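Novice: Structure incoming, see below.
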Amino acid sequence: MDDILASFLAHLEAQGIRFAPGVRIVADGKLHRVPSADDKPGQRTAWYRLPLDSPVSGAGGDWRTGARLTWCSKRLSALSPAEREALRQRIEQDRTRAQAEQEGRYKEAAARALRIWTASAPASANHPYLLKKQIAPGISRQRGDMLILPITGFDGDLRGVQTIS
């Protein structure tokens, strides 16, 4: 197990993806966000996913740089047809699961935005931000001293909100 983790990390580092010191790899097949060696405190721009299914393979990258790579514990040419098929199926399942998780996060964000939007009143023309910019409230709303603007998709559905304090 330690050899697999070390090999995975060495491959990432050889390709310029360096995790911050002390990052421990959890080989559970889930997406993990971790700090890269160049991150400021609190940032987590690096990521990895490492399942232990046979053949062991994973992926990693850095969202800030756009770097992304895949890794397999065996040379691809050394994989049997059954291992190649198992790897192909796992990659497809991972893609499907990641897409579903992302869509779930989008729906959750849209629901949260709708709650904020409906709980807010139309913005006052005397809001300090609107006065400073010399603009009318338009469709903006207000909650306390916070100005709330809608973010909609091309279909007109509310996707999120922007807040201005």
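The values are calculated or read from the model by the stated rules, or taken from the named source; none is laboratory data. Remember, it's a predicted structure, so these values are computed and weren't measured experimentally. Note that each Cβ is placed from the backbone with ideal geometry, even for glycine, and that neighbours are counted across all protein chains shown. Ligands, DNA and RNA are excluded from the accessible area calculation, which covers all protein heavy atoms including side chains. Shrake-Rupley method; radii C 1.70, N 1.55, O 1.52, S 1.80 Å.
Novice: Taking a probe of 1.4 Å, how large is the accessible area per residue of the range 24-116, in Å²?
Specialist: On a per-residue basis, the range 24-116 sits at 66 Å².
Novice: For an R0 of 22 angstrom, estimate the FRET efficiency from the Cβ-Cβ distance between SER80 and ALA6 and round to the nearest 0.05.
Specialist: So the FRET efficiency works out to roughly 0.35.
Novice: Which whole-angstrom value gives the distance between the alpha carbon centres of the range 10-36 and the range 50-91?
Specialist: So the separation of the two Cα centres works out to 15 Å.
Novice: Compute the FRET efficiency between ALA119 and ARG97 as 1/(1 + (r/R0)^6), taking r as their Cβ-Cβ distance and R0 = 30 Å, and round to the nearest 0.05.
Specialist: 0.35
Novice: Another question, then. Please work out how much length the chain gains when fully extended from LEU69 to SER165, using 0.36 nm per residue of separation minus the C-alpha to C-alpha distance, in nm with one decimal.
Specialist: Using 0.36 nm per residue and subtracting the Cα-Cα distance, I get 30.6 nm.
Novice: Can you give the accessible area of THR163 in Å² (nearest 10), computed on protein heavy atoms with a 1.4 Å probe?
Specialist: Accessible area of THR163: about 70 Å².
Novice: Per residue of the range 33-38, in order, report the coupling 6.51 cos²θ - 1.76 cosθ + 1.60 (Karplus, θ = phi - 60°) as ³J(HN,Hα) in whole Hz, putting x for Gly and Pro.
Specialist: Working through the residues one at a time gives 9, 9, x, 8, 4, 9 Hz.
Novice: Hey, what number do you get for the chain at 222 nm if only DSSP H runs of n ≥ 4 count, each worth -39500 (n - 2.57), divided across all residues, to the nearest 500?
Specialist: It comes out at -12000 deg cm²/dmol, rounded to the nearest 500.
Novice: Please list GLU103, GLU108 from largest to smallest accessible area, probe radius 1.4 Å, with all protein chains kept in place.
Specialist: The ranking, largest first, comes out as GLU108, GLU103.
Novice: How much of the accessible area of the chain, probe 1.4 Å, is carbon plus sulfur, in whole percent?
Specialist: 53
Novice: Specify the angular offset, from 0 to 90 degrees and rounded to the nearest 10, of the alpha carbon long axis of helix 81-118 from the longest principal axis of the alpha carbons in the chain.
Specialist: 10
Novice: With θ taken as phi - 60° and the coefficients 6.51, -1.76 and 1.60, list the Karplus ³J(HN,Hα) couplings across the range 155-165 in order, rounded to whole Hz; mark glycine and proline as x.
Specialist: So the Karplus estimates, Gly and Pro as x, are 7, x, 6, 5, 9, x, 9, 10, 10, 10, 8 Hz.
Novice: Mind listing the phi-derived Karplus ³J(HN,Hα) values for the range 4-16, rounded to whole Hz, using 6.51, -1.76 and 1.60 with θ = phi - 60°, and x for any glycine or proline?
Specialist: 5, 4, 5, 5, 4, 5, 4, 5, 4, 5, 4, 9, x
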